[in-house]
Structures are given as structure tokens and as C-alpha cells.
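Any read-out appearing in this document is the output of simple, stated calculations on the displayed coordinates, not a laboratory observation. Model, not experiment: these values are computed from the prediction. Neighbour counts are summed over all protein chains in view; Cβ atoms, including those assigned to glycine, are modelled from backbone coordinates with ideal geometry.
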Amino acid sequence: MFSKEESKNIREEFWTGFGKAYSKKWILYDTKMKELQLKFSFDNRTAKVSMDISSRDELIRAYYFEKITVLKTILHSEYLPDATFAESFLLPEGKTISSIFVELKNVNIHNKKHWPTVNKFFYYKMNQMEAFFLEYETYIND
């Protein structure tokens, strides 16, 4: 078990190391759509690359989710065959979002032996997520 401070330091070490190892400029929050972000997440159970749709207006969230769902076959066949579509995904803080994600299970941010595998997973999967987003950005944003 780690103290909060130790856990924080380990997390910072992982993210700093990932940033140095893969110094690519990721799109992430720079999608030009305030409701849509590309994200990395890593905790004590899973690592995840996601396209998250969040809006206080449920209709806006549903609109973007439906637009991306129309492209589901293309996403699965050409980019991320293991992508999961979650129309309603409850975040730990109680906010509901929609999310399209791929995850790597049974990894732990506190276990440094998992880091090389997660780094490769993040790099490959986010490249695929970004390629899909850039290809269909105009359609999604219309």
C-alpha cells in the first residue's frame, strides 16, 4: 500500500516518463469541440485510451455519440477493432459522459513492471484514435 504522497509521486513519474519517451504532440483536448476530448487514463486496474463526450446538455452528448456510432464499423475495421462504445458512462465524481474507448486490463500504475506495456499500448492506441478522429473530424463536427 502507498501513502497518498507516494502514490502521487509514482503517478507523476509515470506520466513524466511517458511524455519523455513519446514526446509527440497529442490532440487530446485540442479537438476544436468543447464537448469532445481524447484522453489517456491509468489507475490500479486498467489503462485506457478514450474519446470522451461530455456536456451538461444530454441532447448534445447524445448527438455526438450517435454521429460517432454511425462510424462504428469503420472504427472497428480500420482503426480499433477492440473499441467499446458506452453511451452512458458514470465517472467516479458522479458525472455521466459518453465514451468510446480501448482498455488494457490487469495493469497497475504502481507496478513499474507494467509501465513499458502501458506505454506501448498508449502510443499505438492513441495514434489509432487520433487517426480516426482526424479522418472524420469534419463529419463529427458538422
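The table below lists the values:
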{"read-out": "Potential extension, ASP43-PHE85 segment - 0.36 nm per residue separation minus Cα distance", "value": "13.1 nm"}
{"read-out": "Rg/Rg_globular for the chain, with Rg_globular taken as 2.2 N^0.38 Å and Rg from C-alpha atoms", "value": "1.08"}
{"read-out": "Paramagnetic reach from LYS24 (point 7 Å along Cα→Cβ, amide N under 12 Å) across the stretch 91-123", "value": "120-123"}
{"read-out": "Max mean-square fluctuation residue, GNM over the chain, Cα-Cα springs under 10 Å, options MET51, MET129, MET33", "value": "MET33"}
{"read-out": "Near-label residues of the stretch 92-130 by backbone N, under 18 Å of a point 7 Å along Cα→Cβ of HIS76", "value": "99-103, 129"}
{"read-out": "Most positive-pole-ward Cα, PHE121, THR73, GLY94, against dipole of the stretch 4-141 from beta carbon charges", "value": "PHE121"}
{"read-out": "GNM top mover of PHE18, PHE65, PHE101 - the chain, alpha-carbon springs below 10 Å", "value": "PHE18"}
{"read-out": "Highest-fluctuation residue, LEU36, LEU28, LEU90 considered, GNM on the chain with Cα pairs under 10 Å", "value": "LEU90"}
{"read-out": "Degrees separating the helix 58-70 axis from the principal Cα axis of the chain, which is the longest one", "value": "90 degrees"}
{"read-out": "Percent RCO, i.e. relative contact order, over the chain, from Cα pairs under 8 Å lying at least 6 residues apart", "value": "27 percent"}
{"read-out": "Interchain or long-range residues, amide H under 5 Å from THR46's placed H", "value": "VAL107"}
{"read-out": "Dipole magnitude of the chain about its Cα centre (Cβ charges: Lys, Arg +1; Asp, Glu -1), debye to nearest 20", "value": "560 debye"}
{"read-out": "Distant-in-sequence amide H partners of LEU71 (H built 1.01 Å from N, under 5 Å)", "value": "none"}
{"read-out": "Cα long-axis angle, helix 115-141 against the chain (0 to 90 degrees, to the nearest 10)", "value": "20 degrees"}
{"read-out": "Helix 4-21 vs. the chain, principal-axis angle (Cα, 0 to 90°, nearest 10)", "value": "70 degrees"}
{"read-out": "CD proxy at 222 nm, helix term only [per DSSP H run n ≥ 4: -39500 (n - 2.57); per residue of the chain; nearest 500]", "value": "-14000 deg cm²/dmol"}
